[in-house]
Each structure stands twice: as C-alpha cells, then as structure tokens.
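J.: Have a look at the structure that comes next, please.
The values are calculated or read from the model by the stated rules, or taken from the named source; none is laboratory data. All figures in this text were calculated on a predicted structure; none of them were measured in a lab. A quick note on method: Cβ atoms are made from the backbone with ideal geometry, for glycine too, and the neighbour counts reach across all protein chains shown. In case anyone asks, the SASA skips ligands and DNA or RNA and just uses the protein heavy atoms, side chains included. Shrake-Rupley method; radii C 1.70, N 1.55, O 1.52, S 1.80 Å.
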Amino acid sequence: MDPSNHPCFNAKIRGKFGRVHLPVAPRCNIQCNYCDRNYDCVNESRPGVTSAVLTPHQAMAYLKFVFKKTKNISVVGIAGPGDPFANPEETMETLHLVRKKYPEIMLCLATNGLGLEPYIDELAQLGVSHVTVTLNAVDHDIGAKIYSLIRYEKRVLSPKTGIKILLEKQLEAIAKLKEKGITTKVNTIILPGINEDHIEDVAKKMGELKVDILNCIPFYSNKGSAFANLSEPPKEVVRKIRKKAGQYIPQMYHCARCRADATGILGEKNSDELIEKIQECSELLEIYDDKRLPSYCPSVYFKNFL
Ligand code: SF4
Ligand code: SF4
C-alpha cells in the first residue's frame, strides 16, 4: 500500500490509479441545503447519487467483481449516498471486511464529520489512511444558512443550534485525524451569496489545523434541494477563491464530484457492466438479511431515520 497512489490526493497519478466507492451508507444525520439524494441518474456524477445501496456483504460481492474487471484500483472508499457515520455499523463492518480480505488496499472515507470522532481510533487501527470532511463554514451565522437541520444524539436541532455542535464536532474530528497521522482533506462547497466571501477564513483555520489539502468545490445546483435556484459560481470567482485559500493550505484542482458508487478512474462514468453488477449485488438474497434496507429510496430512509 503506497499512500501516494491515491488519485484524489495526488493529481499526478489520477489517470493511472482508480478508486471504488461502496454505497453502504444510505442515511444522513444532517440536511445540507444543496443536497438531494432522491434519484439515480446514470448520467449524473455527483455525491448522493448511486445505482444501488449495498449491505456490507453485498458490497464485498461487488468489490470482488470490480477487482476482477478493473485494473489499478488503489483505494476503496465509502462516500454515502448519505453519511458513513449516520450508518456507523454498516460503515465499520464494511471496512473490517475489506481490510480482512484485501490487507494491501488503501481505505478512504468522506463524511460531514458530525459522527466521526468516536470512530477515529478504530479507523486508525484498521489502517484507514485518507479521510475527507466536508466543512462549509467556520462561522455559526454563515453555517446556519447552509443546513436545514442537524440530528445529534437523537435530537433534531434547528440550524442555529445545530451548527454549533456540527462545527465543534468537525473541528474536534479533524484535530484527532491529524493526531493519528491520517491524511485529511477538507471539502468546502463555494455557495454564491452564502459563504463565497468566507472561504479564506475556512482555509486559514484548516491551515492552522494542518489539514493536508482543501478542495473548494463550485456549487452545483441539484433539482429538489433548498438551494436549487442558487446560481453556480463563475470560473473566475472560483479561481480567485482558490488562489486566496492557497495562501494558507494546498488546493485540490481535479475533483470529479464523484457519485456514491463511482468506480474506476476519476471522471470516468461507471460502465453498463458495473451498473448491472451493482444492481445485481443489491438483490443477492442469500446475504440480503438486513431489514433496514428494504428497497432503495433514500428519502424514505431519511424520513424513517428522523
Ligand atoms: Fe447530502 Fe452529504 Fe449533506 Fe448528508 S452530508 S445532506 S448526504 S451532502
Ligand atoms: Fe476518497 Fe472522496 Fe476520492 Fe472517494 S472521491 S476515494 S471518498 S477522496
């Protein structure tokens, strides 16, 4: 396992090594105003979209197929379609299964950070080498505009109250990831009129925390989300924001806004064969013993979860 062969963290090898996301985490513990996880579209590449949700054992069946068909996969990641730590049992079981069967593979996670901290010791023991936390603001008033609810310890909190806990937990988790020597990336969505003038502050704080890389992602409008009518930031604005942020922390420029089931080289679409296989794996009855996953509909999970 060579940590420099992670295509998201090392732009130089992004065309050489690929990653596979195992979509084992359907529920989420917050609602970001830019997120909609209600449908699958094979032509759409963005977080929250997947062709199927898998149980940990179904994910292993899919992974076996992926390794047979796709060469040069260096990383197995979990990135939704909800949040890995709103589904900690499925997430941790999957990581344990993957680590046992493939001791040499790199493991990666992408999370909003709210439920991450209690699992960091175990993640470090498992050899999870890369974690991404999406953090959009280090100011409570700005953050409160970005989320419509935050669920913490069985309480559903308003944005104003919830942002204080979300930010506290995110900062705590990031500091601990660094303490454990885990390579840490922060994703920040550039939201015009909301946080676009605040990203320098985020970069400064992340630099102080010694975060390895900051990925400033231009907002992408999702139909059905609260921010569906927000405009996307012009390229020039994005360039300036990244330049300012780059004074404090290295920048990522090659993010492909991956789906929760993205497989292969960054930016390439999942093949029809992979889509068929992931759907087939999600129907494997002999290991389909999890009553929490009846049929795929994230909005239903989300409502049930609340
Ligand atoms: Fe969507 Fe991720 Fe936000 Fe959850 S944390 S609402 S899955 S973008
Ligand atoms: Fe990890 Fe995100 Fe890259 Fe997936 S897209 S491998 S979760 S950094």
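J.: Check the range 14-23 and report whether any residue there is touching a Pro at 6+ places or on another chain (Cβ under 6 Å), within 16 Å of ligand 2 (Cβ to nearest atom), modelled with pLDDT under 90 and within 18 Å of ILE265 (Cβ to Cβ).
T.: Scanning the range 14-23, I find at least one residue that is touching a Pro at 6+ places or on another chain (Cβ under 6 Å), within 16 Å of ligand 2 (Cβ to nearest atom), modelled with pLDDT under 90 and within 18 Å of ILE265 (Cβ to Cβ), so the answer is yes.
J.: Let me ask something else. Scanning the range 117-138 for residues that are without any contact (Cβ under 8 Å) to a residue 60 or more places away in the chain and open to solvent by less than 10 Å² (accessible area, probe 1.4 Å), which turns out nearest to ligand 2 (Cβ to nearest atom)?
T.: Only one residue fits best here, namely VAL131.
J.: Answer yes or no: is there a residue in the range 91-113 that is more than 15 Å from ligand 2 (Cβ to nearest atom), of a type outside the set (Gly, Ala, Ser) and surrounded by 22 or more Cβ atoms within 10 Å (Cβ to Cβ).
T.: Checked against the condition, which is being more than 15 Å from ligand 2 (Cβ to nearest atom), of a type outside the set (Gly, Ala, Ser) and surrounded by 22 or more Cβ atoms within 10 Å (Cβ to Cβ), the range 91-113 yields no hits at all.
J.: On to the next question. Does the range 155-174 include one or more residues that are within 16 Å of ligand 2 (Cβ to nearest atom) and either on the phi > 0 side of the Ramachandran plot or touching a Leu at 6+ places or on another chain (Cβ under 8 Å) (or both)?
T.: Taking every residue of the range 155-174 in turn, at least one turns out to be within 16 Å of ligand 2 (Cβ to nearest atom) and either on the phi > 0 side of the Ramachandran plot or touching a Leu at 6+ places or on another chain (Cβ under 8 Å) (or both).
J.: Can you name the condition, by its number, that LEU177 falls short on among (1) touching a strand residue (DSSP E or B) at 6+ places or on another chain (Cβ under 7 Å); (2) within 21 Å of GLN31 (Cα to Cα); (3) open to solvent by less than 60 Å² (accessible area, probe 1.4 Å)?
T.: For LEU177, the exception is condition (2).
J.: Consider the range 61-97. How many of its residues are farther than 21 Å from GLU283 by Cβ and in contact (Cβ under 8 Å) with a residue 40 or more places away in the chain?
T.: So the count comes out to 13.
J.: Which condition number in (1) part of a helix (DSSP H, G or I); (2) out of contact with any Cys (no Cβ under 9 Å at 6 or more places or on another chain); (3) crowded, with 17+ Cβ neighbours inside 10 Å is the one that LYS68 fails?
T.: (3)
J.: When you look at ALA137, is it more than 22 Å from LEU107 (Cβ to Cβ), within 18 Å of the chain's Cα centre (by Cα) and small (Gly, Ala, Ser), yes or no?
T.: The answer is yes for ALA137.
J.: Could you identify the single residue in GLU117, GLU122 that is in contact with an Asp or Glu (Cβ under 7 Å, 6 or more places away or on another chain) and more than 13 Å from ligand 1 (Cβ to nearest atom)? If you could, list the steps in order and put the result at the bottom.
T.: Numbers: GLU122 fails: in contact with an Asp or Glu (Cβ under 7 Å, 6 or more places away or on another chain).
The match here is GLU117.
J.: Sticking with this one: Return a yes/no flag: does the range 192-201 have any residue that is in contact (Cβ under 8 Å) with a residue 12 or more places away in the chain, assigned to a helix (DSSP H, G or I) and touching a strand residue (DSSP E or B) at 6+ places or on another chain (Cβ under 9 Å).
T.: yes
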